[in-house]
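A short write-up of the structure that comes next.
Here, each number is a calculation from the coordinates, and none is a lab measurement. All values derive from a computational prediction rather than experimental measurement. As a convention, Cβ positions derive from the backbone with ideal geometry for all residues, glycine included, and neighbour counts pool all protein chains shown.
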Amino acid sequence: MPEQLKKSRTDVPDEFNRVAGRYDLLTALNPGYRKHLRWSARRLGLEPGSRVLDLCCGTGLSTDALALEVPNAEIVGLDASAGMLAIARKKKFATEVQFVLGDAMEPAEAGISGPFDGILMAYGIRNVTDPDLCLERLYRLLRPGGTICFHEYSVADSAWSRGVWNAVTLGVVIPSGRIFSGSARIYRYLRRSVNEFDGVQAFERRLDRAGFVEIRTEPMDGWQRGVVHSFLARRPE
Ligand SMILES: C[S@@+](CC[C@H](N)C(=O)[O-])C[C@H]1O[C@@H](n2cnc3c(N)ncnc32)[C@H](O)[C@@H]1O
């Protein structure tokens, strides 16, 4: 097994299969993780009963945030890790959820068809092989006027944010991952992939190039301020 994970259709999801059983425990140790997902879900500003796509839904923590923030939503959760989905499928949610196995780059191949009133992609866009093509496909899945939120780490624009991120991952996340899930590989990938990901301004420009409008970035609190963001945008009417 190569030491460094690569972005591919299988590499990252396969590694998530290995840590799936401990994922919820590890995120519970991360203060703000669940609260911040709810902030992003709320910031979508969706009406009750909306149809929502939770892309890269994992074990369903982002799905739960959507179910709590959008009453009576009809949620479709997609993830490429069968292990993460198996945990999600065992959970009870406040609203109707359908889970689908598939690649975020190829939602049509997984049988996902629009239109959706909203899309949440929490900790997903950083992992896809071609973010521009992914955005183009997500744009087409939204109804005109629909909203999208990328809940994602982005530290490239600020030396402070990069310092916090590398201190937290080297000092806490990677050692805890090694202890609690027996492997630190996915957490080393996490540190590296965030360091390599777009800064806030570059990601906003990417959204603009894809045709989205009303692009804005909202912060989190705690150590995640300046590190995790809600990137929000709308498909024009
Ligand atoms: C950090 S977890 C986030 C899960 C969930 N959204 C949350 O907030 O807790 C990232 C998820 O993205 C999934 N993933 C990574 N690459 C993917 C891809 N190309 N297509 C679909 N899912 C992918 C992984 O399997 C994993 O479950």
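Here are some notes:
- FRET E, pair Thr27, Arg89, Förster distance 25 Å, beta-carbon r, rounded to 0.05: 0.90
- The chain: calculated mean residue ellipticity at 222 nm from DSSP helix runs of at least 4, using -39500 (n - 2.57): -12500 deg cm²/dmol
- Segment Ala202..Leu133, full-extension length gain: 23.3 nm, with 0.36 nm per residue of separation and the alpha-carbon distance subtracted.
- Between amide H atoms placed 1.01 Å from N, distances below 5 Å from Ile119 occur with Leu53, Thr147, Ile148, Cys149, all of them 5 or more places distant or on a separate chain.
- Burial order of peptide ranges 25-31, 163-169 (average beta-carbon count within 10 Å, highest first): 163-169, 25-31
- 17 Å Cα-Cα reach of Lys35 towards aspartates and glutamates, excluding residues that sit fewer than 8 places from it in its own chain: Asp24, Asp54, Asp64, Glu69, Glu152, Glu218, Asp221
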